[in-house]
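Participant: My structure is below; once you've seen it, I'll send some questions.
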Amino acid sequence: QVQLVESGGGLVQPGGSLRVSCTASGNIGSAYNMGWYRQAPGKQRELVALITSVGGTRYADSIKGRFTISRDNAKNTVYLQINSLKFEDTAVYYCRLAAGNIYWGQGTQVTVSS
């Protein structure tokens with residue numbers, strides 16, 4: 001079975017930085033796209049970043065250049081670097097893998113608080 005495991009979330013100060021990771025295991029092959037989504041309290045889950053199997057990226061306009069998505073194919077891992085954290089970045093961040101099927105991680109909590 002395909003499994004996605006996120007890590008790297010936690011409590012951070014406003015203006016700080018964080019990098020969350022998602023490692024995939026199982027029969028996924030190599031031709032897959034991955035993305036990061038987030039869901040804040042009382043809000044809908046939203047796409048924040050995508051990365052294709054060949055490294056192309058796309059970001060939501062709302063992140064205003066503060067996020068960077070990357071992948072390490074040798075490790076089957078995708079990363080999301082989050083800089084200049086704001087209170088409104090507080091959310092559960094979810095990893096999504098798209099191959100023949102769609103797979104979701106369990107999410108990692110990012111809390112921005114002073």
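Participant: Which distance in nm do the two modelled labels at Ser84 and Ser114 give, with both placed 7 Å along the Cα-to-Cβ direction?
Facilitator: 1.8 nm
Participant: Additional query: Measuring with a 1.4 Å probe in the full set of protein chains, what accessible area per residue, in whole Å², belongs to the chain? Display every interim value, and only then the final one.
Facilitator: Details: 6200 Å² over 114 residues.
Per residue, the chain has 54 Å² of solvent-accessible surface.
Participant: Under a 10 Å cutoff between Cα atoms, tell me which one of Ser21, Ser30, Ser70 has the largest fluctuation in the Gaussian network model of the chain.
Facilitator: Per the Cα network of the chain with a 10 Å cutoff, Ser30 tops the list.
Participant: Go through region 107-114 residue by residue and turn each phi into a ³J(HN,Hα) via Karplus (6.51, -1.76, 1.60, θ = phi - 60°); whole Hz please, and just put x for glycine and proline.
Facilitator: Residue by residue, region 107-114 yields x, 10, 7, 10, 10, 9, 8, 8 Hz.
Participant: Let me ask something else. Summarise the accessible area of region 58-114 (1.4 Å probe, protein heavy atoms) by the percent that is carbon and sulfur.
Facilitator: 44 percent
Participant: Which lysines does Lys43 reach when only Cα atoms under 22 Å apart count, and residues fewer than 8 places away in its own chain are ignored?
Facilitator: Partners within reach: Lys64, Lys86.
Participant: What is the sum of charges around Gly16, taking Lys and Arg as +1, Asp and Glu as -1, for the other residues whose C-beta is under 12 Å from the C-beta of Gly16?
Facilitator: Combined, the nearby Lys, Arg, Asp and Glu give +2.
Participant: Could you check the simple spin-label distance between Gln13 and Ala31, using points 7 Å along Cα→Cβ, in nm with one decimal?
Facilitator: 4.8 nm
Participant: Report the charge-dipole magnitude of the chain in Debye, nearest 20, computed about the Cα centre from +1 at each Lys and Arg Cβ and -1 at each Asp and Glu Cβ.
Facilitator: The dipole of the chain has a size of about 100 debye.
Participant: Give me a comma-separated list of calculated 3J(HN,Hα) values for region 65-82, in order, Karplus coefficients 6.51, -1.76, 1.60 applied at θ = phi - 60°, integers in Hz, x for any Gly or Pro.
Facilitator: Here the 3J(HN,Hα) series is x, 8, 10, 9, 9, 8, 9, 10, 5, 5, 9, 6, 10, 10, 10, 10, 8, 10 Hz.
The values are calculated or read from the model by the stated rules, or taken from the named source; none is laboratory data. Remember, it's a predicted structure, so these values are computed and weren't measured experimentally. Every residue, glycine as well, gets a Cβ built from its backbone with ideal geometry; the counts of neighbours run over all protein chains shown. Heads up: the accessible areas ignore ligands, DNA and RNA and are worked out on the full protein's heavy atoms, side chains in. Shrake-Rupley method; radii C 1.70, N 1.55, O 1.52, S 1.80 Å.
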